[in-house]
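K.L.:
Before I ask anything, here is the structure I am working with.
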Amino acid sequence: MGNASDTVMTAEQRKILAVMLVPMFMSLLSVSIVNVILPDMQRSIGASNSAIQWVLSGYTLAFGVLLVAAGRAGDLFGRGRLFVIGVSVFALGSLISGLSPDPLVLNIARVVMGLGSGLLSPQGVGMLQQYFHGKVRGRAFGMFGTIVGVSVGIGPVLGGGLIAVLGDEWGWRSAFLINVPIALAAIILGRFWLPKSAWVGTGTESDSHGRRRADFDPVGLVLLGVGTLLVMLPFLERSAGAWIYALVPVGVAVVWLWVRWENRYSRRGGSPMVDMQLFRTRSFAYGASLTSMYFVGMPGIWVIVALYLQNGLGFPALHAGLVGLPSALLSAIAAQAAGRVVLTFGRKMVVLGVAFGLTGVVASALLVLAHEAWGISIWWLLLTLGITGLGQGMAISPNQTLTLAEVPVEYAGSSGGVMQTGQRVGTAIGIAIVTAVFFVVQPLAGYGAAIVAGFGFIAIVIVFAGIIGLVDLARGRARARQEGQPVRS
């Protein structure tokens, strides 16, 4: 692998991508598909809104809390090993979810699915860092960006289609059960197609007796897991009342303690979960901040669009899901194209993508106003949201490539976990705020005003993400001039 060309993808690299990307697609799809199948699921097992709440939040919490620890475990014990374990756990949770007789079993099974997703996702990013270099790495991250965009857009369509074809009962169950044979195939292919080095950790060291051991930093693991849980939980379990938001500053304090511990652990000669020196690297610090801010805004689009179309305009679930399909397709196409040229255009590509995303959000808000005032067809959202998807494809995968470009391979998994944790936390916070805005405005001014207010919040967040990108771009140009290098990023 080390001698492979940086411009032409080898057969072995294609096999790695095939094994890795399909389970990662399933894990992301399991977030977006649930919103559509939830009503049929509730009727089938007789669940109240409160009884079913962990179907949504349990998966997201388990997913987000485990990412950095799982990424570090992959660095130490072998990314292939952790990937296969994660896919196995995800498959088990999917099987139990699809056969669940009551809300309790379903909620537990969804937590198991989230744990599996948290285990497998950072291994994919780590293997991209380990086995892909140069322009080929950009293309690989482009494919990763493709599955992110497609999973978000295709989830509602697939969920609605399964219910339409298989009926209310087996439609929602099949949305989980379909994961099982795909996961089994990924496990088998992973065992044969992943290279031998994927099963060996890169972070082991010899003890005083010459034995190899892994420095896993259990204190850091617990601190970060608890801190992430406390920050995310209030935004996912808002039904508990206003008091639960008191957990947020507690969680922030625990994360601060984690940072202090990691620095101390490193000074004492240990291998921390995350090397804090990474945050002094411009590309990583700015890129991780940009993607976290971006995900505070963008995922909320599909929540408020579904609320507006289904509750406000009376669209069936399948029709509401179809509105996001062009966005998913354009995101996939743009991610592929951007991955091929990201090393040429650098951070300019990301900033341009953010600008396209902002344009699509503003255009969507204006379209809703035009529909409410003059009756212009709401199906023009196919175009405006398509522009948003185009921007996402241009921004997310190139940003990931640039952010991780200077990360050492031995921290590839944990650094990827940091980025994905930022995305998960940002998504939880953003969806909580944008739905709160929607539900405050809706009783006062109607569904049209509510979605426009939601789009307004999302636009403000995207502007801040764009500012981060512009600052990074300016600093990169200034540094290039100081060093006498060509100004490209």
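The values are calculated or read from the model by the stated rules, or taken from the named source; none is laboratory data. Keep in mind the model is a prediction, meaning the values are calculated, not measured. Cβ atoms come from the backbone with ideal geometry, glycine included; neighbour counts cover every protein chain shown. The area values use the complete protein model at the heavy-atom level, side chains included, leaving out ligands, DNA and RNA. Shrake-Rupley method; radii C 1.70, N 1.55, O 1.52, S 1.80 Å.
K.L.:
When the Cα atoms of the range 274-483 are enclosed in a convex hull and the volume is divided per residue, what value in Å³ results?
P.N.:
Working: hull volume 24.7 nm³, N = 210.
Normalising the Cα hull of the range 274-483 by residue number yields 118 Å³.
K.L.:
Would you mind getting me the FRET efficiency between residue 177 and residue 263? Use the beta-carbon distance for r and R0 = 45 Å, nearest 0.05. Could the numbers behind the result be given before it?
P.N.:
Values: r = 46 Å, r/R0 = 1.02.
FRET efficiency, residue 177 to residue 263: 0.45.
K.L.:
Something else: Hey, can you list the DSSP H helices of the chain whose Cα span along the axis is 18 Å or longer and whose average Kyte-Doolittle score is at least 1.6? It would help to have the intermediate numbers written out before the result.
P.N.:
Details: long enough: 11-32 (32 Å, 1.14); 53-77 (35 Å, 1.10); 79-98 (28 Å, 1.37); 103-131 (42 Å, 0.80); 134-177 (48 Å, 0.79); 179-193 (20 Å, 1.51); 218-236 (27 Å, 2.26); 247-267 (30 Å, 0.35); 282-297 (23 Å, 0.51); 325-345 (29 Å, 1.40); 347-374 (40 Å, 1.40); 381-403 (32 Å, 0.79); 412-445 (49 Å, 1.07); 447-482 (53 Å, 1.26).
Long hydrophobic helices here: 218-236.
K.L.:
Starting from the Cα of residue 135, draw a straight line to each of the lysines and keep only those under 19 Å, dropping any in the same chain fewer than 8 residues away.
P.N.:
Of all the lysines, those that pass the test against residue 135 - Cα under 19 Å, at least 8 places apart if same chain - are 15, 348.
K.L.:
Using Cα pairs closer than 8 Å and at least 6 residues apart in sequence, work out the relative contact order for the chain, in percent. Intermediate results must be reported in sequence, preceding the final value.
P.N.:
Details: 898 pairs, mean separation 107.9, N = 489.
That works out to 22 percent.
K.L.:
Still on this model: Set the Förster distance to 45 Å, then compute FRET efficiency between residue 185 and residue 276 from the Cβ-Cβ distance, nearest 0.05. Walk me through the numbers on the way to the answer.
P.N.:
Working: r = 39 Å, r/R0 = 0.87.
That pair, residue 185 with residue 276, gives E of 0.70.
K.L.:
Still on this structure, please answer the following. Over the chain, average the accessible area per residue using a 1.4 Å probe and give it in Å², no decimals. Working shown, then result.
P.N.:
On the way: 19540 Å² over 489 residues.
Result: 40 Å² per residue.
K.L.:
Given just the C-alpha atoms of the range 28-96, how large is their convex hull per residue in cubic angstrom? Walk me through the numbers on the way to the answer.
P.N.:
Values: hull volume 6.0 nm³, N = 69.
Hull volume over Cα atoms, normalised by residue count, gives 87 Å³.
K.L.:
Across the chain, where is the longest run that never hits GluC sites (Glu not before Pro) in a DSSP loop with at most 15 other C-beta atoms within 10 Å? Show your work: numbers first, answer last.
P.N.:
On the way: sites that count: 406, 483.
Value returned for the longest uninterrupted segment is 1-405.
K.L.:
Go ahead and estimate [θ] at 222 nm for the chain from helices alone: -39,500 (n - 2.57) per DSSP H run with n ≥ 4, summed, over the residue count, rounded to 500. Walk me through the intermediate numbers first.
P.N.:
Numbers: 17 runs with 378 residues, N = 489.
Counting only the DSSP helices, I get -27000 deg cm²/dmol.
K.L.:
Something else: How many percent of the accessible area of the chain is carbon or sulfur, using a 1.4 Å probe? Before the final figure, lay out each step's value.
P.N.:
Values: 13240 of 19540 Å².
Summing carbon and sulfur atoms, their accessible area is 68 percent of the total for the chain.
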